[in-house]
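All of the numbers you see were taken from the coordinates with simple rules; none came from a lab. Since we're looking at a predicted model, the values are computed, not measured. Backbone-built Cβ (ideal geometry, glycine too); neighbour counts: all protein chains shown.
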Amino acid sequence: MYRKYYIPIASIFILALSLAYIEFFMDDIKVIVQLKNSWEMAVPHQEVPQGLTSLKARDCGMCHVQHYEEWQKSTHANAWTDKQFQAELKKESSPFMCINCHIPLQNQQEYIIKGLEDGDIYKPVKEKNPHFDAELQLEGITCVSCHVRDNKIIGPTGTTLAPHAVKKDTEHLSEKLCISCHNATAVVTPTLACSFQTGDEWKAGPFYKQKNCISCHMPETHRSIVAGMPERKSRFHSFPASGIPKSPTHHPERLESLTFTLSPNKKTYATKDSLIFTLELINANAGHRVPTGNPERFIITEMVLKDKKGNIISQKQERIGEHWEWHPIVKKISDNNLNPGESRKYTFNEKPLAKGSYTIHFSVSKHRLTPESAKYNKLGADYPLSFVAWEQTYDFEVK
Ligand code: HEC
Ligand code: HEC
Ligand code: HEC
Ligand code: HEC
Ligand code: HEC
């Protein structure tokens, strides 16, 4: 009775042993490839700088009240909790390094990545991080992501007034810091690409050496940076840009890149006139293309012509953005983003209309992603997808 089972059990045991051995042996020959790109690696573990009790934004905010309040409005503060990011992260196709620009500090990451088995991005060699701080993870791109290195607060002056360790490093706190995350071009797998060229676009454009990421997105001011301290040069920390919110309660500040001119703006037309409207958009204020960064963003220009009763007579849309094909091989199909300084004219040409009163409505809206992608990612009905950045309505008569 026992015997009957003895042999199979023993052989399974031996098999298990030999498997373990092979595994052990394989471990020896397994090639662990070192990480090389900056975004494959986390910023090394940081200790709480001398004089402070924590790395959390809220605690920096006990003294740096305004910086904290401004940062809370920023997209950076939402870089981890963003629903779209979380939905994408859960996909098997999302490799380990997705998190390195969204929660850059080792302290924010649950695992330490030692390398890649056989160089395969889907086989990171992981180790539990004993110093993982779950609360700091929620803060995304937080104060310490930019300000703590070598266990010290990196600042622009090296002030001696601070109760915490400070090191002056203007090279670190330069646009190079921004570009380390805002510029990445890599085809990760045949169906996954990282494509952000905001840094390259800026270097190739007219603002290079005139204005940079920091001068536009962190405007300068003069104020005390801690209540009771003397005023000094300071920079706003709300990182205003597109203005597209991340949730119904998120109210990011806006920088408007585009200027809008509509012509002609006549009040009366004759029945034989064709109606020609021209809307000109100029990317006057951005130091890079618009949209920039995430290839899913786009701008829609819309014209809706209605009669007196509100019936739509005609409707036209134009899109500025990129088109990508994701399967079978990731590939950019087209791109009509606006270069810095570039103008785009849309002409809406209508056939002569019958006598009567009409209303025409023009609008320009900015979009984070399409309703189809939002649905596919199950982002829910309250996830903000777009907002109207500019609109104009006017009435005219055909006599
Ligand atoms: C107990 C109060 C306090 C806390 C907490 C605190 N700071 Fe400060 N910090 C100061 C004071 C005071 C100064 C100097 C003010 C001055 O120079 O006018 C300062 C200066 C700075 C500077 C400017 C350094 C430079 O080179 O000019 C930075 C950057 C900074 N703090 C970041 C942080 C960050 C990030 C945190 C959280 C991890 C933090 N601070 C927490 C009080 C504090
Ligand atoms: C650690 C990586 C990292 C660094 C460093 C970084 N960013 Fe970002 N930034 C991001 C990510 C990721 C987002 C998007 C977060 C999201 O959409 O959830 C973002 C968003 C932004 C946005 C908001 C865009 C919008 O309208 O939605 C601006 C503006 C911005 N960053 C500017 C800067 C500037 C200026 C610097 C340098 C001072 C900088 N960033 C440094 C990763 C980084
Ligand atoms: C995306 C990067 C980034 C993040 C996040 C960030 N800062 Fe800064 N911070 C900077 C840069 C860059 C400067 C230096 C600007 C300069 O050279 O004038 C700066 C300057 C400062 C200064 C010096 C005074 C001033 O206003 O210029 C303080 C204080 C400061 N930051 C505190 C904070 C606190 C507190 C947080 C979090 C609530 C935070 N920062 C988040 C990039 C960042
Ligand atoms: C001359 C000023 C200027 C400079 C320089 C500049 N930006 Fe911008 N940026 C803008 C404006 C204005 C917008 C708003 C675009 C819009 O209308 O939605 C913007 C938008 C963005 C966005 C949001 C992307 C989008 O299309 O929704 C990001 C991210 C960003 N900037 C990052 C950067 C980084 C990183 C740098 C440095 C390499 C930089 N910017 C340099 C003015 C500037
Ligand atoms: C090189 C740094 C970097 C890496 C790596 C990275 N991101 Fe991002 N991510 C950014 C920046 C910068 C933005 C800001 C959006 C922009 O520029 O328009 C962003 C924005 C996003 C957004 C918000 C989109 C929007 O329009 O607001 C999502 C979602 C996202 N990333 C997902 C991912 C996923 C999934 C991965 C891994 C495949 C990943 N990211 C890897 C830098 C990075």
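Once both labels are positioned 7 Å from their Cα atoms along Cα-to-Cβ, the gap between PHE260 and LYS91 label points is 3.2 nm.
Springs join every pair of Cα atoms under 10 Å in this Gaussian network model of the chain, and among GLY51, GLY228, GLY115 the largest mean-square fluctuation is at GLY228.
Summary value for region 126-219: 15 percent relative contact order, contacts being C-alpha pairs under 8 angstrom separated by 6+ residues. Counting neighbouring beta carbons within 10 Å and listing from fewest to most, the residues SER274, SER74 come out as SER274, SER74.
For LEU138 and HIS327, what is the calculated FRET efficiency with R₀ set at 35 Å and r taken between the beta-carbons, to the nearest 0.05? After rounding to 0.05, the efficiency reads 0.55.
Dividing the summed helix terms, -39500 (n - 2.57) for each DSSP H run of n ≥ 4, by the number of residues in the chain produces a 222 nm estimate of -6000 deg cm²/dmol to the nearest 500.
Loop-resident GluC sites (Glu not before Pro) (DSSP state other than H, G, I, E or B) in region 141-224 with no more than 16 further Cβ atoms inside 10 Å of their Cβ: GLU171.
Here r is the Cβ-Cβ distance between ASN311 and LYS378 and R0 is 35 Å; the resulting FRET efficiency, rounded to 0.05, is 0.45. Each of LYS152, LYS331, LYS351 was scored by other Cβ atoms within 10 Å of its Cβ. Arranged with the fewest first, they read LYS351, LYS331, LYS152. Inter-part distance, region 210-270 to region 64-128, computed on C-alpha centroids, equals 27 Å. For the chain, the relative contact order is 14 percent, taking Cα pairs closer than 8 Å that sit 6 or more residues apart in sequence and dividing their mean separation by the residue count. Fewest-first ordering of TRP71, TRP390 by other beta carbons within 10 Å of each residue's beta carbon gives TRP390, TRP71. Exceeding 28 Å between C-alpha atoms, which entries from my cross-link table qualify? They are LYS36/LYS331; LYS83/LYS128; LYS90/LYS211. In this structure, LYS90/LYS211 lie more than 28 Å apart at Cα.
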